[in-house]
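Enquirer: I'd like to ask some things about the structure below.
The values are calculated or read from the model by the stated rules, or taken from the named source; none is laboratory data. Please read these numbers as outputs of a predicted model, since none were measured by experiment. Backbone-built Cβ (ideal geometry, glycine too); neighbour counts: all protein chains shown. When the accessible area is computed, the model is the full protein with side chains, heavy atoms only, and any ligands, DNA or RNA have been set aside. Shrake-Rupley method; radii C 1.70, N 1.55, O 1.52, S 1.80 Å.
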Amino acid sequence: MRLGILGFGEAGLRFAQDLSQAGLTDIVAYSRSGAKEAPDGPLHAQAAAAGAKLVKTPRALCKNTDVILALTPGKAALAAARGAQKHLRPEQIYVDMSSGAVKTMEQVAQMLEGKARFVDAAIMSPVPLNGIKGVVAASGADAEAFRALLEPYGMNVKVVGNRPGGASAMKLIRSVCMKGLSAVLLESLEAAERYGVLEATAADLAASFDERPFMQNMKRYVCGTAVHAERRVHEMADALALLDALGSSNRMSKATRGKLVDVAKMGLREKFNGREPDTIAAVLEAIVALKPA
Ligand SMILES: NC(=O)c1ccc[n+]([C@@H]2O[C@H](COP(=O)([O-])OP(=O)(O)OC[C@H]3O[C@@H](n4cnc5c(N)ncnc54)[C@H](OP(=O)(O)O)[C@@H]3O)[C@@H](O)[C@H]2O)c1
């Protein structure tokens, strides 16, 4: 397999390094700054050390490659695909790995229709930390073909569906939880610090999370909230009064209280006869059924 890397920054360089170490010998890369540099410049040296050869144009990148990994900033994804499109061949796989909006991935997919096979891919963890071992979610009709080509070199590709945009959507939806969790932890621990119980609170939180596998925790949080939301509204009111007295931030806790009020109004407690449902899906199906898209 001949690989092209379009956009050769932190991620492109590390992927080239890992893939060439895994035995992929035919790697070319393009970036605008690389194209401007003399052949004895530092970017060329970096590329060579990573097992890749810098080329001067998107055309040269497309010419002799089977798979192209686009690793530009998300806001450059459309421009990068536009620059490459007229040089692509229908059998080539163009994998857009940039972190961008779902809409952008849909637009890139549309732009490349008939010109190349398109895969939307989302890098789920920091590249300097995990390199190609980190999960790459992939979606689109050719996601499976991409996985089959890259997996032998150690890339950890997980196919998440047929829709272009699906992998990027999953990453953003996941961020709702991961970023929200970080924000809510910050808020809780700020109050703990102000009250002088930071160590004890952090240890208690850690013990609660560690008590069981996260899938079980998630079921508890989701299914428990479905039927006990109203009770928890009152507890959050007390928590907010405490944050107020401490002069501590309360934006996330206000949102939590609001969310619990919304859930209490959904009537899920009645629907499930006051008993926690057996599956997370049962709760989410009930919520979505109340307000179809
Ligand atoms: N690094 C990570 O840990 C990580 C993790 C998850 C997701 N990602 C995503 O992966 C993508 C790449 O990340 P990165 O960290 O490698 O970014 P980066 O270090 O900023 O590198 C981006 C590269 O794209 C090139 N570029 C920009 N516009 C271009 C264009 N129109 N055509 C061709 N090349 C272009 C840049 O060079 P020139 O400006 O010289 O062209 C540079 O080589 C981003 O979308 C990022 O969000 C990265």
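Enquirer: For the chain, what does the helix formula give at 222 nm: sum of -39500 (n - 2.57) over DSSP H segments with n ≥ 4, over the residue count, nearest 500 deg cm²/dmol?
Expert: Roughly -18000 deg cm²/dmol at 222 nm, from the helical runs in the chain.
Enquirer: Just to confirm, what accessible area per residue do you get for the range 245-293 at 1.4 Å probe, in whole Å²?
Expert: 72
Enquirer: May I have the convex hull volume per residue, in Å³, for the Cα set of the range 212-290?
Expert: Each residue corresponds to 102 Å³ of Cα convex hull volume.
Enquirer: What do you reckon, how do 87, 234 stack up by accessible area (1.4 Å probe), largest on top?
Expert: From most exposed to least exposed: 234, 87.
Enquirer: How many percent of DSSP beta bridges within the range 3-169 run antiparallel, rounded to 5?
Expert: Antiparallel: roughly 15 percent of the beta bridges in the range 3-169.
Enquirer: Moving to a separate point now. Taking the Cα centre of the range 63-161 as origin and charging only Cβ (+1 Lys, Arg; -1 Asp, Glu), how large is the dipole, in debye to the nearest 20?
Expert: About 280 debye.
Enquirer: Same structure again: Take peptides 54-64, 190-200 and line them up by average Cβ neighbours within 10 Å, highest first, as a rough protection proxy.
Expert: 54-64, 190-200
Enquirer: Same structure, new question: Could you work out, for the range 75-196, what percent of all Cα-Cα pairs fall into each 10 Å distance bin, beginning at 0 Å and stopping at the bin that holds the largest distance?
Expert: With a bin width of 10 Å, the distribution comes to 14, 37, 29, 11, 7, 3, 0.
Enquirer: When only C-alpha pairs under 8 Å and at least 6 residues apart count, what is the relative contact order of the chain, in percent?
Expert: It comes to 12 percent, rounded to a whole number.
Enquirer: So, one more: Using the charge dipole of the chain (Lys, Arg: +1 at Cβ; Asp, Glu: -1 at Cβ; taken about the Cα centre), state which of 156, 17, 166 has its Cα farthest towards the positive end.
Expert: 166
Enquirer: Okay, moving on. Could you list which residues have their amide H under 5 Å from that of residue 92, counting only those 5 or more apart in sequence or on another chain, with H placed in the peptide plane?
Expert: Excluding prolines and chain starts, which carry no amide H, the hits are 117.
Enquirer: Further question: Accessible area per residue, 1.4 Å probe, Å², for the range 3-169: what's the number?
Expert: Ligands and nucleic acids excluded, the figure is 45 Å² per residue.
Enquirer: Toward the positive end of the charge dipole of the chain, about the Cα centre and with charges on Cβ (Lys, Arg +1; Asp, Glu -1), which of 217, 61, 272 goes farthest?
Expert: About the Cα centre, the residue reaching furthest to the positive side is 61.
Enquirer: Determine the share of the chain's accessible area contributed by carbon and sulfur atoms, expressed in whole percent, with a 1.4 angstrom probe.
Expert: Carbon and sulfur: 57 percent of the exposed surface of the chain.
Enquirer: Let me ask something else. Mind listing the phi-derived Karplus ³J(HN,Hα) values for the range 278-288, rounded to whole Hz, using 6.51, -1.76 and 1.60 with θ = phi - 60°, and x for any glycine or proline?
Expert: Taking θ as phi minus 60°, the curve returns 7, 9, 4, 4, 4, 5, 5, 4, 5, 5, 5 Hz for the range 278-288.
Enquirer: Something else now. Straight-line reach from residue 179: which aspartates and glutamates fall under 13 Å, measuring Cα to Cα and dropping same-chain residues less than 8 apart?
Expert: 187
Enquirer: What fraction of the DSSP beta bridges in the chain is antiparallel, stated in percent and rounded to the nearest 5?
Expert: In the chain, approximately 15 percent of DSSP beta bridges are antiparallel ones.
Enquirer: Please find, in a Gaussian network model of the chain (springs between Cα atoms separated by less than 10 Å), the residue of 136, 227, 108 whose mean-square fluctuation is greatest.
Expert: Comparing 136, 227, 108 in a Gaussian network model of the chain, the most mobile one is 227.
Enquirer: Right, something else. I'd like the Karplus ³J(HN,Hα) series for the range 59-69: coefficients 6.51, -1.76, 1.60, θ = phi - 60°, whole numbers in Hz, and an x wherever there's a Gly or Pro.
Expert: Values per residue, Gly and Pro as x: 4, 5, 5, 6, 4, 10, 10, 9, 10, 10, 9 Hz.
Enquirer: With an 8 Å cut-off on Cα pairs and a minimum separation of 6 or more residues, tell me the relative contact order of the range 3-169 in percent.
Expert: So the answer I get is 20 percent.
Enquirer: If I stretch the segment between residue 235 and residue 194 completely, what's the gain in nm (0.36 nm per residue apart, minus their alpha carbon distance), one decimal?
Expert: Fully extending the segment from residue 235 to residue 194 adds 12.8 nm.
Enquirer: Would you work out the charge dipole size for the range 172-293 about its Cα centre, treating the Cβ of every Lys and Arg as +1 and the Cβ of every Asp and Glu as -1, and quote it to the nearest 20 debye?
Expert: So the magnitude is around 540 debye.
Enquirer: Once the Cα atoms of the chain are picked out, what are the Rg and Dmax in Å?
Expert: In order Rg, Dmax, the Cα atoms of the chain give 23.9, 73 Å.
Enquirer: May I ask for the percentage of alpha-carbon pairs in the range 3-169 that lie more than 24 Å from each other?
Expert: 26
Enquirer: About the Cα centre of the chain, how large is the charge dipole given +1 on each Lys and Arg Cβ and -1 on each Asp and Glu Cβ? Please answer in debye to the nearest 20.
Expert: For this selection, approximately 1000 debye.
Enquirer: Moving on. Across the range 129-137, in residue order, what do the Karplus-derived ³J(HN,Hα) couplings come to in whole Hz, using 6.51 cos²θ - 1.76 cosθ + 1.60 with θ = phi - 60° and x for Gly and Pro?
Expert: My calculation for the range 129-137 gives 7, 10, x, 6, 7, x, 5, 10, 7 Hz in order.
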